[in-house]
Structure formats: structure tokens, C-alpha cells
Amino acid sequence: MLEIAQFGAGRIGQIHASNIAALKDARLRYVIDVNAEAAQKLAARHGAKVVTEREAFADAEVGAVLIASSTDTHARLDAGEVGAVEQVVITSRDPAPPPLAYLKVSGGMFRDMTIHDFDMARWLLGEEPVEVFAWGEALVDPKIAKAGDIDSAMLILRTASDKMCHINNSRRAVYGYDQRIEVFGARGLLRAENLGETTVEQFTARGTVSDRPLDFFLERYAEAYRIELASFVSALKQESAMPVGAHDGRRALVLAEAAIKSLKSGKAELIP
């Protein structure tokens, strides 16, 4: 049985804890969070114990640490169905801005929101971006500008072989959680669309009607969270290489920092 210590008892932490509970060969042993009440509730729900960071790392029985603190189409791509990748377009828009109190401690839009798109861009392009040009404004809520952040952005990334990626972000999409991807290659196009609550569509003489996109990331990526945790546990049990490592997290942050620099300078910035 793999004993897991989890850092974080917030929204993502609750999802990961539930996914751990669904695994036959893993168990949530410890919960660590600065919010003692949230940690206690989550630990009680799953038969775990609330401890300090020092206590968790001192326990030799802990076989894995899951960090969940606050802030589908690639196999066809790998097969070369669309030929050499030339352009990637990533759309990521939240249904509504988070509270101002959160924005003030989030690190800014590029570190908090766009950073996930940088992850996706690296993965889909198949090579590291070397240059970024970022635009950003507070078009949704002027209070966000007063808090020192932006709520709308467009970015262009370029790789060493001149592959291109366009990322567009907004903190508000009145129709739901807008998450779409296009990968354009020499022999075709791959596209991942939004997910709705159902796949039912109505066709009449007046037009076509379908469900809105899912409301938020917790619903949109619930299955992805389950699969990533299962992959993490499987790699530990089999002592195989992790599909994603610390380097990947660092590179996404490097891209975010370069984008912030470009936003301030109004110029394209090289990515170290």
C-alpha cells in the first residue's frame, strides 16, 4: 500500500484526496495545510491525519508526496497524422474572474492562469519556445487593474525552428469554461473542443442548439486529475520514470516570467 502525504486541502486538494481514496493500492496518510480547519475536515473525510510538514517528511512510511496547494488528442499527434507541427492555438477563458483577494496573492495572470497554457504549448509544440511577445489589459473589471493585474491577454511564442503558438486568455466567458486547442500541421489539423454537460444537440429549421461548456475546471478536468494521479502512483509502484518532472514545472514558470517582462516592456523577449 502506497502511503501518501498531501499538501493542500482546497478545491484541487479535495479532488486529489477523493481520487486517492478510489485507488486500491494507495492511501491518504497525512494532510498538511496552513488552513487547519480545512485540513482537519479533509483528513477526517478520508481517515487521514493532519500533521506538520516536518512530521510528514520524517515518517519513513510515506512513499509519495502530492502537492495540491493553491497557486486529448496527443497520441494522434505523436503518430504524425497531421505531419510536422507548424502552429498551435490555445484558447483558455474562465467563466468569471476570481475574487480580488485571490488575485492579489495569485502572482498575476501569467503565473496563475496562463502558466497551464505554457505547459500545454511546450507539450504540443514538441520543443522549447525561445521567444515570447505578450499583450495584456484589464478589459473585464477595472478593479483588477487597480489590484495590479490584467484579465485579458494574447501571447505569441516562437521555437528555435520557428514553430508558432498563439495563446489567448480571458478571466470572463459568459457562456462557460472555454478550453479549446488547435494543432495545425503540414498534413492536417487536430482540434480539441469544449466539453458540455451532454453531447445532445437539437437541429431544427431555426438552427442548432447544444449545451453550454462545463462551468469550471473542476468539472472540465475531473477525469484528467484522476488519470494523472493514477499515472503518478503507477510510476512509483513500478519504479519507472515520471511522465512529468520538476523541470517541466520550472520551464512553465520561466515562460511566465518572460511573458511578464514582455508585457512590461512592450517588446518580444527571449526565453532563457
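Placing +1 on the Cβ of every Lys and Arg and -1 on the Cβ of every Asp and Glu, with nothing else charged, gives region 26-123 a dipole about its Cα centre of roughly 380 debye.
Region 134-180 and region 213-258 have Cα centres lying 22 Å from one another.
Dipole magnitude for region 145-205: about 260 debye, using +1 per Lys or Arg Cβ and -1 per Asp or Glu Cβ, origin at the Cα centre. When the helices of the chain are scored as -39500 (n - 2.57) per DSSP H run of n ≥ 4 and the total is divided over every residue, the value at 222 nm lands at -10000 deg cm²/dmol. With the simple model of a label 7 Å out from the Cα in the direction of the Cβ, Thr204 to Leu253 spans 5.3 nm. Phi angles across region 146-161 convert, under the Karplus curve 6.51 cos²θ - 1.76 cosθ + 1.60 with θ = phi - 60°, into 3J(HN,Hα) values of 5, 7, x, 10, 10, 10, 9, 8, 9, 9, 10, 10, 10, 9, 4, 8 Hz, Gly and Pro given as x.
Candidates Gly245, Val174, Ala256 compared by Cα position along the dipole of the chain: farthest toward the positive end lies Val174, with charges placed on Cβ.
Taken about its Cα centre, the chain carries a charge dipole of about 460 debye when Lys and Arg each add +1 at the Cβ and Asp and Glu each add -1 at the Cβ. Pairs of lysine residues in the chain that meet both criteria, 8 or more places apart or on different chains and Cα atoms under 15 Å apart, total 4. Indicate the gyration tensor shape class of region 162-204 (rounded, prolate or oblate), computed on the Cα atoms with a ≥ b ≥ c the square roots of the eigenvalues: a/c under 1.5 is rounded; otherwise a/b larger than b/c is prolate and the rest oblate. Oblate, because a/c is 1.5 or more while a/b does not exceed b/c. Computed from the alpha carbon atoms alone, the convex hull of region 63-183 holds 140 Å³ per residue. Legend: residues Arg93, Arg187, sorted from most to least accessible area (1.4 Å probe; ligands, DNA and RNA excluded), read Arg187, Arg93. Accessible area per residue (1.4 Å probe, heavy atoms of protein chains only) ranks Met109, Met120, Met1 as Met1, Met120, Met109, with the largest value leading.
The values are calculated or read from the model by the stated rules, or taken from the named source; none is laboratory data. Keep in mind that this is a model prediction, so the values were computed, not measured. Here Cβ is always computed from backbone atoms with ideal geometry, including for glycine, and neighbour counts include all displayed protein chains. The area values use the complete protein model at the heavy-atom level, side chains included, leaving out ligands, DNA and RNA. Shrake-Rupley method; radii C 1.70, N 1.55, O 1.52, S 1.80 Å.
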